[in-house]
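Report on the structure given below.
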């Protein structure tokens, strides 16, 4: 299967993969060869895949869409990064700041939702680095 991951900033990856697990908005879903056509909203989390003849790879994705069509998977992500692009110390500092802001009682619902989303992305970024 052909996998392509693109963000608004850059094309991130093109690879031949044998399987894929995607963090969808409604939960994770797997894709194997011959999968039925699908269009799904991305959630925030770890996208993992196995390249043909290679090892497993994990990326963090957040927001956007995933399309499966004729053994071709296109991920249009608002945010995506590889483990080697993650600064663990910066992510840990961001996590502490976000958790402190979320404890604040003065936050409006939209602010709390945005901060929770950022915290999920930070935790996913740290997870792919710590799993290496």
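FYI, it's all coordinate maths here, none of it is from the lab. Owing to the predicted nature of the structure, the values given are computational and were not obtained by experimental measurement. Ideal geometry is used to build each Cβ from the backbone, glycine not excepted, and the neighbour counts take in all protein chains shown.
Based on C-alpha pairs under 8 angstrom that are at least 6 apart in sequence, the chain has a relative contact order of 22 percent.
So if we plug the beta-carbon distance of residue 18 and residue 116 into 1/(1 + (r/R0)^6) with R0 = 30 Å, what FRET efficiency do we get, rounded to 0.05? Taking R0 as 30 Å, the efficiency between residue 18 and residue 116 is 0.35. Expressed as a rounded percentage, what relative contact order does segment 87-130 have, with Cα pairs under 8 Å and six or more residues apart? Relative contact order here is 58 percent.
Helix-only arithmetic for the chain: the sum of -39500 (n - 2.57) across DSSP H runs with n ≥ 4, divided by the residue total, places the mean residue ellipticity at 222 nm at -10000 deg cm²/dmol.
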